[in-house]
Amino acid sequence: MPDLRLFKPQGMLHEGWTAQVDDYALSCGWIFKGDVLLVADVCGGLYSFDGSTGVINWQTKELHQGRLLAMAIHPEQNLFATAGQDGCLQIWSSETYEVLHAIKLGRGWVEHLTWSSDGKYLAVSMSRHAYVFGINAKEHWRSDEHSSTVSAIAWSSTTELATASYGRVTFFDINEDAVNQKLEWKGSLVSMVLSPDGDVVACGSQDNSVHFWRRSTGKDAEMTGYPCKPSQLAFDQTGQLLATGGSEQITVWSFKGDGPEGSLPGQLNVHAESISSLVFANNGPLLASGAKDGSVLVWFLDKHGDGNPLGGVFMGEKISNIAWRPDDNAIAAINASGGVNVYKFKLRSQTSAKGFS
C-alpha cells in the first residue's frame, strides 16, 4: 500500500499546474472543451484558469450575499449557473463572464443545480421546492411543497426530474406537471444518483446505508454496514458500476446480470481517511477518488468493481471536488484550503493497469 502521508504525483498522474483561490474551493468544472477550468469558492469567488498553464484569465468575488453553494456548467453552450445562501440563481456567459440572468427565488438557500442532458433546462432546489428554468431564465415548472427539504435532484430524462427528500424519491414530468412515480423509504435520504438510463436510483441514507430501486421492476434493496453516511455516489457511464463512499474504503457494486444482490462488492483500500469525492471518467472504467486526508487516486476497475490504483497524489487538505477533463487526459482537484491542482493523466494500456507504474 502506498504511503499517503506525503507524495508528489505518482504512476500515471503527472505534474500539471497549481493555483490558489481565496477560500474553501467548493466546485470546479471544465469549459471550452477543457481549455479553461472554472473554480468557485464558498465566499463567492469565481476564477477562470487557463487549462494548460493555470494562468488566471478572469476572477470576481462575492457573487452571492452569504456563501456560494453550487455551480453547474452547461453541457453544450457557453453558459454556467451559480447559486447561494441569498436565495438567488445566476446564469452566466462563459465567454464574457457577465451575468445574463439573475433570479430571486425567495428567502432560503439554493443548494442544488443541474442542467438537463440536452441543456434545455436548469433544475434547482431551495428548501422544500424544486424549480425548472429555461436558459432564458423563464420559469418552466415548479413542484408543490415537499414534506421536507429537498436533499438532492437529478434528471432521469430531458423532461423528467427526480427529487429526494425525507422518506421518498419522486419523479416529475415537468412538461405535464405530473408525478410519474414515487419510491418510498422510511428514512432520511442525504444523496442520490441515477444510472445513465434512469432506471436505477441509488440514495445514501442518514442511517449509514445505501438504498436503491429498479424503476422498471419496482424492486428495491439496501446495502448496509457503512461506518458513515454515504454521501458520495457515482455511476459509471455504462450504469453497471456504482461507487460509494461512507468510509475510507470505496465500495463498488456491480449491477451486471443479477447483481448487486447476492454478490460481493469491489473494495478499494488505499485512502487513510473518509472519501470526500468520487467521479468516473467520461469514457472507460476509470474512477477518480479524493479523501479528507487530501489524497487523490485514479483507479482502473474490472467488471466486478475490483480495481488497482494507477496513480495518486497528496494535496494536504480535504478534497472537495474532482473533475475529469473532457478528453480524460487530465483531472482537476480542489481542496478545503483553496488549493487548485491539475494533473496530467495518461492510460498507456490495460496491461499497465495493475497498480502504480
ask   = In region 32-140, what GluC sites (Glu not before Pro) fall in a loop by DSSP, with at most 12 other Cβ atoms inside 10 Å?
value = E62, E76, E95, E98
query = In whole angstrom, how far apart do the alpha carbon centroids of region 78-97 and region 112-166 sit?
reply = 16 Å
key: Over region 120-273, equivalent-ellipsoid semi-axes from the Cα gyration tensor in Å   = 28, 16, 15
ask   = What translational D, rounded to a whole number of µm²/s, comes out for region 98-141 from Stokes-Einstein when the hydrodynamic radius is the Kirkwood one over Cα pairs, at 4 °C and 1.567 mPa s?
value = 118 µm²/s
task = Give the share of C-alpha pairs in each 10 angstrom bin for region 72-155, from 0 to the last occupied bin, in whole percents, shortest bins first.
result = 19, 55, 23, 2, 0
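Considering every pair of different Cα atoms, what Kirkwood radius, in Å, is found for the chain? If you can, show how the numbers build up before the last one.
Values: mean 1/r = 0.0485 Å⁻¹.
This gives a value of 20.6 Å.
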note = The ³J(HN,Hα) series, computed from each phi in region 290-305 with the Karplus coefficients 6.51, -1.76 and 1.60 at θ = phi - 60°, rounded to the nearest Hz and given as x for glycine or proline, is x, 9, 5, 7, x, 8, 10, 10, 10, 10, 9, 10, 8, 5, 8, x
Cleavage-rule hits, GluC sites (Glu not before Pro), region 258-357, DSSP coil, Cβ neighbours within 10 Å at most 15 = E261, E273
note = Residues whose built amide H sits under 5 Å from the amide H of H101, excluding neighbours closer than 5 in sequence, are I91
ask   = Counting only Cα, what are the radius of gyration and maximum Cα-Cα distance Dmax of region 29-106, in Å?
value = 12.0, 40
inquiry  = In 10 Å bins starting at zero, report the fraction of Cα pairs in region 15-147 per bin as a rounded %.
reply    = 13, 44, 32, 9, 1
query = Measuring from centroid to centroid over Cα atoms, what is the spacing of region 194-272 and region 301-323 in Å?
reply = 17 Å
query = From the square roots a ≥ b ≥ c of the eigenvalues of the alpha-carbon gyration tensor of region 96-202, which class results: rounded (a/c under 1.5), prolate (a/b over b/c), or oblate?
reply = prolate
Neighbour cut-off at most 13 other Cβ (10 Å), DSSP loop, trypsin sites (Lys or Arg not before Pro), region 44-140 = K61, R107, K138
remark   = region 228-357 -> Rg/Rh from Cα coords, Kirkwood Rh, value 0.95
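We did not get these values from a lab; they are worked out from the coordinates using the rules stated. On a predicted model such as this, the values are computed, not experimentally measured, just so you know. When we count neighbours, we look across all protein chains shown, and the Cβ atoms used for this are built from the backbone with ideal geometry, even at glycine.
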